[in-house]
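A.B. asks: Dropping a structure here in structure tokens format, bear with me for questions.
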Amino acid sequence: VYDTVVVPPATALAGIGEACAVTASDIVALNGQFLRGMTPPDREGYVVRVPVGCASGFDDRFAALDDTVRSGVRTHEVAKGETLT
């Protein structure tokens, strides 16, 4: 038993879990079709299964998340003198 929500392309399953107040593992367990920990980037609007009760108010909680949490992608602008270490 689960609810469903619609999310944009390239959305991290961990971000969906954050919006639902559950772990990423819980979202992965309900969505075995997503193999790389995120929704594919090639199509608008993916239906994702979430635990029962999470769909209510999901859009507001998801929109309130930081972009790096929603996408799972962090960027860093390299400054002069920085190294990989």
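A.B. asks: If you average the sequence gap of Cα pairs under 8 Å that are 6 or more apart and divide by the length of the range 1-74, what percent do you get for the contact order?
C.D. replies: On the way: 115 pairs, mean separation 35.1, N = 74.
Here the relative contact order equals 47 percent.
A.B. asks: If you average 1/r over every pair of different alpha-carbon atoms in the chain and take one over that average, what Kirkwood value in Å do you get?
C.D. replies: Evaluated over the chain, this radius sits at 13.6 Å.
A.B. asks: Amide H neighbours of Tyr46 under 5 Å, at least 5 residues apart or on other chains, H built in the peptide plane: list them.
C.D. replies: Amide H to amide H, under 5 Å and 5 or more residues apart or across chains, Tyr46 pairs with Val7.
A.B. asks: Can you give the longest stretch of the chain with no exposed loop site, where a site means trypsin sites (Lys or Arg not before Pro) in a DSSP loop (not H, G, I, E or B) with at most 14 other C-beta atoms within 10 Å? Working shown, then result.
C.D. replies: Values: sites that count: Arg36, Arg43, Arg74, Lys80.
Within the chain, the longest run free of exposed trypsin sites (Lys or Arg not before Pro) spans 1-35.
A.B. asks: Related question: How about the chain: which chymotrypsin sites (Phe, Trp or Tyr not before Pro) there are in a DSSP loop, with at most 15 other Cβ atoms within 10 Å of their Cβ? Numbers along the way, then the final one.
C.D. replies: Details: sites: Tyr2, Phe34, Tyr46, Phe58, Phe62; in loops: Tyr2, Phe34.
Answer in residue order: Tyr2.
Only the coordinates and a few stated rules stand behind these numbers; no lab work does. Please read all numbers here as calculations on a predicted model, not as lab measurements. Glycine also receives a Cβ, built like all others from the backbone with ideal geometry; neighbour counts cover every protein chain displayed.
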